[in-house]
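> Encoded as structure tokens, here's the structure I'll be asking about.
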Amino acid sequence: MKGKIIFLVITIVLGISCRNSGTKGAEFVFPEADSVPLSEAEKLSPEAIEDIAKNISSPVEIANLLQMLEVPFSQDYLAASIDANKESTNFNKAMKLGILGADLGYLNMYEKTGSSLEVLSSIRKLAEDIKVGQFFDFETIKKLSQNKSNLDSLLFISIDSYEQIDNYLRSNDRGHLSALMIIGVWIEGQYLATQVVNKYPDKILRDRIGEQKIILNDLLMLITPYCNNSQEFTSLCKDLNILKDKYRDIRITYTQGEPVASEKDGGLVITQTETSVVEMTDEQLKGLIGITSEIRNRLILND
């Protein structure tokens with residue numbers, strides 16, 4: 001199965017590479033800004049927002065990495081306390097739609113079909129409540145979930161559904177809900193990664209957690225225009241900035257390598273190579289694990 005799903009390359013990592021591939025010179029150190037100016041966030045083009053969304057919003061990225069690292073499945077990592085019937089605000093519905101999307105990816109990747117159907121039922125309720133249920137082919141997803149041989153198709157449909165929801169919300173002046181869904185996916189993925197690395201220390205996973213410093217900056221660009229929309233948004237922005245502060249002294253350095261030429265489908269493909277070095281102490285990682293757990297556990301509480 002790992003061979004079949006290798007095409008699901010970690011988009012988060014590719015997103016980091018794409019944003020830095022145009023750097024002149026051999027080495028690039030990710031700069032740190034103290035804050036995201038509202039004027040800059042509001043000037044984000046639709047194309048820039050779409051790029052950020054694509055780099056963050058796939059619900060299976062972290063789950064794919066965990067399985068490739070042969071980390072055992074654990075039911076304890078899931079947001080089991082979420083009750084879709086008890087959510088009364090669109091803020092919570094969109095946020096938890098994202099969180100459960102990440103959990104669904106985790107369950108499907110480990111072929112836990114029984115639990116995934118329960119999560120899918122909650123996703124359906126939340127999606128219908130914010131008027132995006134039309135983008136989920138629930139019957140097909142349900143059938144695929146019950147047939148382990150169709151995991152590739154199931155993952156594709158699940159990812160495609162979330163991408164369609166994101167595009168629909170942004171194109172219908174509901175970008176605040178899209179931002180919440182994306183943040184929900186990311187927060188849950190970050191939670192899964194930090195919980196696992198705490199129990200199963202692994203350098204690859206540790207580095208991916210460190211590289212989320214860049215993704216978090218993108219998330220703040222997405223959410224900043226909405227920080228004063230309500231107390232819920234203000235609280236979320238505060239939490240993300242606290243998390244950003246935990247990343248402040250973590251250093252990420254990229255070194256660009258030589259292009260590699262290869263043949264694919266009868267044509268020449270040039271691949272730019274680069275390596276990254278994440279400088280993060282055990283104490284800094286411990287801080288990320290703690291604050292991520294605190295924020296995530298607060299977000300999964302029911303209204």
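The values are calculated or read from the model by the stated rules, or taken from the named source; none is laboratory data. Since the model is a prediction, treat every value here as computed from it, not as a measurement. All Cβ positions, glycine included, derive from the backbone under ideal geometry; neighbour counts span all protein chains shown.
> For the stretch 61-154, which helices (runs of 4 or more DSSP H) that fit wholly inside it have 1 or more residues that are crowded, with 22+ Cβ neighbours inside 10 Å and touching a Pro at 6+ places or on another chain (Cβ under 8 Å)?
Ranges flagged: 90-109.
> Quick check on the stretch 217-229: of everything there that is more than 19 Å from R296 (Cα to Cα) and more than 19 Å from the chain's Cα centre (by Cα), which residue is surrounded by the most Cβ atoms within 10 Å (Cβ to Cβ)?
Y226
> Take the conditions free of Cβ contacts under 8 Å to residues at least 60 places away in the same chain, under 21 Å from the mean Cα position of the chain (by Cα) and not in a loop (DSSP other than H, G, I, E, B) and apply them to K286. Does it pass? Walk me through how you get there before you give the answer.
Numbers: free of Cβ contacts under 8 Å to residues at least 60 places away in the same chain: yes; under 21 Å from the mean Cα position of the chain (by Cα): yes; not in a loop (DSSP other than H, G, I, E, B): yes.
When the stated conditions are applied, K286 passes them.
> (1) closer than 19 Å to S81 by Cβ; (2) in contact with a Phe, Trp or Tyr (Cβ under 8 Å, 6 or more places away or on another chain); (3) of a type in the set (S, T, N, Q): which one isn't true of S230, the others all being true?
Result: S230 fails condition (1) only.
> Quickly run through the stretch 158-177 and pick out the residues that are at pLDDT 85 or above and farther than 20 Å from Q231 by Cβ.
Q164, I165, Y168, L169, S171, N172, D173
Here's the yes/no breakdown for (1) touching a strand residue (DSSP E or B) at 6+ places or on another chain (Cβ under 9 Å); (2) surrounded by 13 or more Cβ atoms within 10 Å (Cβ to Cβ); (3) free of Cβ contacts under 8 Å to residues at least 60 places away in the same chain; (4) not in a strand (DSSP E or B):
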{"site": "S158", "(1), (2), (3), (4)": "no, yes, no, yes"}
{"site": "V185", "(1), (2), (3), (4)": "no, yes, no, yes"}
{"site": "N198", "(1), (2), (3), (4)": "no, yes, no, yes"}
{"site": "I209", "(1), (2), (3), (4)": "yes, yes, no, yes"}
{"site": "I215", "(1), (2), (3), (4)": "no, yes, no, yes"}
{"site": "K238", "(1), (2), (3), (4)": "no, no, yes, yes"}
{"site": "E258", "(1), (2), (3), (4)": "no, no, yes, yes"}
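> Does Y254 satisfy the criteria of being in contact (Cβ under 8 Å) with a residue 12 or more places away in the chain and in contact with a His (Cβ under 6 Å, 6 or more places away or on another chain)?
no
> Quick one: which residue in D202, D207, D218 is at pLDDT below 90 and either closer than 24 Å to K131 by Cβ or not aliphatic (A, V, I, L, M) (or both)? Working first, answer last.
Working: D202 fails: at pLDDT below 90; D207 fails: at pLDDT below 90.
Going through D202, D207, D218 in turn, just one is at pLDDT below 90 and either closer than 24 Å to K131 by Cβ or not aliphatic (A, V, I, L, M) (or both): D218.
> Against the definition (closer than 24 Å to L169 by Cα, in a helix (DSSP H, G or I), touching a helix residue (DSSP H, G or I) at 6+ places or on another chain (Cβ under 8 Å) and not acidic (D, E)), how does L219 come out, yes or no?
It is true that L219 is closer than 24 Å to L169 by Cα, in a helix (DSSP H, G or I), touching a helix residue (DSSP H, G or I) at 6+ places or on another chain (Cβ under 8 Å) and not acidic (D, E).
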